[in-house]
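Scroll down for the structure; my scribbles are underneath it.
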Amino acid sequence: MANGNYTLTIENKTADENENNPIAGDTAGSKQARGGDNTAVAASTVKAAKIMAVVGTAMHFADKIVSHRIQTVELRTGSREQQERLSFAYSVAKQAGGIIMSTAAGFAVGNVPGALIGLLTSSASVALSYAQKADEIRMQQNLEDIGLKYMNIRAGGSVASYSGSRLKNQ
C-alpha cells in the first residue's frame, strides 16, 4: 500500500469568471455583470415570499374556522337558505381574496407585469369556475324540464292540452 500526501484545494473563481466572459457585448465593469443590483432584488423577493407564506398560513387557519361556522348555520338556526347565502357570499369573498393574493404575489416577484399576470390568471380562473357552474345549473334545469314533461305525459295532461281533444269531446 502506498503512503502518499493528498491535498484538497478549494478556490473561489467566480470573480474571475466575469472578467473573462466570452459573451459579446457584456461589460465586466457593469453592476449587473457583477451581480450588484440583483442581490437587492433577490433579498426583497425572499422577504416578500416569507411574508406571503405567513399570510397564507394565517389565511388557511381563518378559512377553516369561518368554513366550519358557515357549515353549522343550519344546525344552529335551522335555516338552510341562510347557510346557502352565507356559503355563496364567503366563496365570492374567498375568490376575491385569492385574486388579491395572486396580484400581490405577482407584484412581489415581478412588480407591475407580475401583478398583471397574477390578476389575469386569477380572474381567468374565477371566470372559468363561474362558467362551469352556470353550465352545471343549465344542465340541471334541462334535466328537470325533461322530467316534468314526462310526468305531465304520464298524468295524461300533455296530449289533451296540445291536441285540443278535451274541447272537442265536451
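The values are calculated or read from the model by the stated rules, or taken from the named source; none is laboratory data. This one's a predicted model, so the numbers in the text were calculated from it and none came from an experiment. Here Cβ is always computed from backbone atoms with ideal geometry, including for glycine, and neighbour counts include all displayed protein chains. SASA here: full protein model, heavy atoms, side chains in, ligands and nucleic acids out. Shrake-Rupley method; radii C 1.70, N 1.55, O 1.52, S 1.80 Å.
To keep it simple, each residue is scored yes or no on (1) more than 30 Å from Lys47 (Cα to Cα); (2) more than 17 Å from the chain's Cα centre (by Cα).
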{"site": "Gln71", "(1), (2)": "yes, yes"}
{"site": "Val112", "(1), (2)": "no, yes"}
{"site": "Ser122", "(1), (2)": "no, no"}
{"site": "Ala134", "(1), (2)": "yes, yes"}
{"site": "Gln141", "(1), (2)": "yes, yes"}
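Residues in segment 75-82: is at least one outside any helix (DSSP H, G or I) and modelled with pLDDT of 90 or more?
no
A Cβ distance below 7 Å, combined with a sequence gap of six or more or placement on separate chains, defines the contacts here; from segment 45-57, residues that are among the small types (Gly, Ala, Ser) reach residues that are in a helix (DSSP H, G or I) and open to solvent by less than 60 Å² (accessible area, probe 1.4 Å) in the pairs Ala48/Ala108.
It is to be established whether one or more residues within segment 26-34 are surrounded by 10 or more Cβ atoms within 10 Å (Cβ to Cβ), polar (S, T, N, Q), assigned to a helix (DSSP H, G or I) and at pLDDT 85 or above. The answer is no; no qualifying residue exists.
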